[in-house]
Each structure stands twice: as C-alpha cells, then as structure tokens.
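Q: Please read through the structure below; I'll follow up with questions.
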Amino acid sequence: MAYSYDDQNIFAKIIRGEIPNDTVAETEHSLAFNDIRPQAPVHVLVVPKGRYVCHDHFAAEASDAEVLDFMRLTARVVAEQGLADGGYRTISNAGQAGVQEVPHYHLHILGGRPLGRMLQPG
Ligand code: AMP
C-alpha cells in the first residue's frame, strides 16, 4: 500500500507549531493534546510527529522507536488523566468508512463518563 500524506493537514500544522494546541504531554516522537470538540470529559488525541496517515500506515512503516514512544505516551495519558481505574476508550478512525476527518494518524482517548456501546447499530 502506498500512502499519500498531506503536509497541509491540521495536525501537521500543529506539530510544526504553526497553529496552537492544548498540549497534554509531549515526547521525542509523539504529541498528546486536547480535542478541540471534546465528546467526553477527557478527550485527548495522541499523534506521532512523523508523517503517517492512519493506523495501518503507522503500524506498518513507523520505526520501532516511534511505535514504542507512541504506545508509552498513550499509557502515560491514561494514567495522568486518571482513567485507568474507571475505564476509557481508544478510537482510531481510518479512511472513508472510518470517517476520518484529519488525515494524520491519531488515537482518541476518551473517558470520564460512561461511554455507552462501542458502535450504534446500522
Ligand atoms: P477524526 O474523525 O478521527 O479524524 O477526528 C478528528 C478530530 O480532530 C475531531 O475529534 C476534531 O474535533 C479534532 N480536531 C480538529 N481540529 C483540531 C484542532 N485544531 N485541535 C484539536 N483537535 C482538533
């Protein structure tokens, strides 16, 4: 699969520091920031700083260091946001069927209230 990355997507601009974000945590290879339209009391987005379009792109092509850094940061966000005990949900939308709005890989971390069933029927 050849992935085409759009350098003008909004998360690329956030990573380059061209537009502001509400940073939660940052590491060498990854950034975590609050979603601008939160759908739960905690709604954090974790993104790799590298040019990856979606989950399968990142999982297939990122370096070991990038993958490890990303995963460890997700654990740190869960812990620091106080979600480990009460539970939470991670979501990564990909492509058209997944209704991905921003074409830079990101993991939503949602919690702080009961989140209901994973998907609506239909
Ligand atoms: P997705 O449908 O998975 O691509 O979701 C993209 C998410 O990015 C949505 O939840 C938006 O609210 C969020 N979003 C869009 N622009 C920004 C921004 N400038 N800062 C933070 N979150 C954003």
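The values are calculated or read from the model by the stated rules, or taken from the named source; none is laboratory data. Keep in mind that what you see is a predicted model, and the values were worked out from it rather than measured. Heads up, the Cβs are rebuilt from the backbone with ideal geometry, glycines too, and the neighbour counts pull from every protein chain shown. We work out accessible area using only protein heavy atoms, side chains counted, and drop any ligands, DNA or RNA first. Shrake-Rupley method; radii C 1.70, N 1.55, O 1.52, S 1.80 Å.
Q: Of everything in the stretch 1-22, what is of a type in the set (Val, Ile, Thr) and open to solvent by less than 70 Å² (accessible area, probe 1.4 Å)? Give them in sequence order. Spell out how you get there, then give the answer.
A: Step one: list which residues in the stretch 1-22 are of a type in the set (Val, Ile, Thr), which gives 10, 14-15, 19.
Within the stretch 1-22, Ile14, Ile15, Ile19 qualify.
Q: Can I ask one more? Of all residues in the stretch 53-77, which are free of Cβ contacts under 8 Å to residues at least 40 places away in the same chain and open to solvent by 70 Å² or more (accessible area, probe 1.4 Å)?
A: Asp64, Leu68, Met71, listed by residue number.
Q: Only one of Gln96, Gln100 is polar (S, T, N, Q), touching a residue at least 24 places away in the same chain (Cβ under 8 Å), within 23 Å of Ala12 (Cβ to Cβ) and not in a helix (DSSP H, G or I); which? Give the derivation first.
A: On the way: Gln96 fails: touching a residue at least 24 places away in the same chain (Cβ under 8 Å).
Going through Gln96, Gln100 in turn, just one is polar (S, T, N, Q), touching a residue at least 24 places away in the same chain (Cβ under 8 Å), within 23 Å of Ala12 (Cβ to Cβ) and not in a helix (DSSP H, G or I): Gln100.
Q: Sticking with this structure for a sec: In the stretch 70-93, what residues are farther than 13 Å from Leu107 by Cβ and assigned to a helix (DSSP H, G or I)?
A: Ala79, Glu80 - these are the residues of the stretch 70-93 that are farther than 13 Å from Leu107 by Cβ and assigned to a helix (DSSP H, G or I).
Q: Checking the conditions here, which among Gly95, Gly50, Gly86 is open to solvent by 60 Å² or more (accessible area, probe 1.4 Å), modelled with pLDDT of 95 or more and not charged (D, E, K, R)?
A: Details: Gly95 fails: open to solvent by 60 Å² or more (accessible area, probe 1.4 Å); Gly50 fails: open to solvent by 60 Å² or more (accessible area, probe 1.4 Å).
Checking each option against the conditions leaves just Gly86.
Q: Any residue at all in the stretch 87-101 that is within 20 Å of Pro41 (Cβ to Cβ), among the aromatic types (Phe, Trp, Tyr), in contact with a strand residue (DSSP E or B) (Cβ under 9 Å, 6 or more places away or on another chain) and more than 10 Å from the ligand (Cβ to nearest atom)?
A: Among the residues of the stretch 87-101, at least one is within 20 Å of Pro41 (Cβ to Cβ), among the aromatic types (Phe, Trp, Tyr), in contact with a strand residue (DSSP E or B) (Cβ under 9 Å, 6 or more places away or on another chain) and more than 10 Å from the ligand (Cβ to nearest atom), which makes the answer yes.
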